[in-house]
Amino acid sequence: MPELPEVETVRRGLEPVMEGARFTKVEARRGDLRWPLPKDFAARLEGQTVLGLGRRAKYLLADLSSGDVLVMHLGMSGSFQVTHPDGQAMPGGYYHARGESRAHDHVVFHMSSGARIAFNDPRRFGSMKLIARSALEHEPLLSALGPEPLGNAFDAALLAQACKGKQTSLKAALSDQKVVAGLGNIYVCEALHRAALSPRRRASTIATRSGAATPYAERLVEAIRDVLRDAIAAGGSSLRDHRRTDGEIGLFQHNFRVYDRAGEPCPRRGCRGIIRRIVQTGRSTFYCPVCQR
Ligand SMILES: [Zn+2]
């Protein structure tokens with residue numbers, strides 16, 4: 001499933017062909033993705049200009065001249081392919097293979113920039129909604145989300161407060177979108193390794209009893225920001241280098257320290273641990289039992 005860095009890389013890939021451009025034609029090739037497409041979907045988009053393309057957690061937000069916001073989510077298997085007069089690009093770095101069959105191009109945007117943007121989603125867990133800009137802050141999908149991990153509001157004090165008294169594992173707490181938005185299995189594992197904290201540690205242990213930040217919380221916030229920034233940088237650079245590719249790009253997986261590396265030596269200097277895979281709340285966790293305490 002795409003996580004925050006992949007979605008941000010997609011946003012950066014779409015920005016140049018969408019921002020300031022008008023939807024000249026919209027093809028909705030089926031009536032539903034995860035949910036039914038909005039009523040009159042194509043008609044409400046056609047003729048509208050994209051004033052800006054933003055992101056909140058894993059949602060892409062296209063601000064339209066009509067006052068609507070097009071809210072898009074990639075789900076499990078969604079991806080965009082951009083075709084324009086200069087060539088082709090598939091913005092976003094994905095760890096898992098993306099859909100190849102054009103039969104799964106469910107929505108196609110034709111933009112006044114000359115770009116044709118196809119949304120491909122074999123498993124159809126993706127979504128597209130149109131929400132009035134004035135109603136956006138009350139939209140349940142967005143209002144339930146915790147702080148943006150790369151935003152200014154996210155810091156050790158806030159994370160500690162959210163974990164105060166929590167009896168769940170640190171892994172489960174960080175995967176909770178209400179605690180911090182946009183992290184999934186991969187980047188939680190990677191951040192915990194960078195912070196040298198065990199995924200099995202109780203979440204409450206990064207806060208004092210009154211909910212103040214401990215040095216663990218400080219370390220963790222720094223690690224989360226670092227791993228996300230590195231992943232976005234890797235996706236962005238490969239996007240520039242592979243303008244015409246139709247394969248996978250933005251392969252931050254080469255930089256994974258623990259994810260999907262069970263049985264390999266821990267990459268931390270001086271550590272002799274072996275990466276282990278365990279299952280927590282139904283998902284694989286990868287960590288080093290020696291240096292992550
Ligand atoms: Zn280690």
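Annotations for the structure displayed:
- Within the range 14-67, all pairs of alpha-carbon atoms sorted by distance into 10 Å bins from zero give the percentages 23, 50, 28.
- Glu15 versus Ala43: modelled label distance in nm, points set 7 Å from Cα along the beta carbon direction: 3.5 nm
- Cα-Cα over 24 Å, subset of Lys58/Lys171; Lys129/Lys166; Lys25/Lys129; Lys129/Lys164; Lys39/Lys178: Lys129/Lys166; Lys129/Lys164; Lys39/Lys178
- Solvent-accessible surface of the chain, taken per residue with a 1.4 Å probe and all protein chains present: 45 Å².
- Ellipsoid semi-axes for the chain, based on the Cα gyration tensor and the rule √(5λ), read 36, 22, 16 Å when sorted largest first.
- Site pair Asp260 and Arg133 shows an inter-label distance of 4.0 nm when each label is modelled 7 Å from Cα along Cα→Cβ.
- Helical runs (DSSP H, four residues minimum) scored at -39500 (n - 2.57) apiece and divided by the length of the chain put the mean residue ellipticity at 222 nm at -7500 deg cm²/dmol.
- Hull-based mean projected area of the range 105-163, where the convex hull spans the alpha carbons, in square nanometres: 7.1 nm²
- Principal axis box of the range 183-234, alpha-carbon based, largest edge first, Å: 38, 18, 16
- Rolling a 1.4 Å probe over the protein heavy atoms of the chain, with every protein chain left in place, gives an accessible area that is 48 percent carbon and sulfur.
- Relative contact order %, the range 127-186, counting alpha carbon pairs below 8 Å whose residues are six or more apart: 37 percent
The values are calculated or read from the model by the stated rules, or taken from the named source; none is laboratory data. Treat the numbers as computed from the prediction; the structure is a model and nothing was measured. Note that each Cβ is placed from the backbone with ideal geometry, even for glycine, and that neighbours are counted across all protein chains shown. Just so you know, the surface numbers come from the protein's heavy atoms only, side chains and all, with ligands and any DNA or RNA stripped out. Shrake-Rupley method; radii C 1.70, N 1.55, O 1.52, S 1.80 Å.
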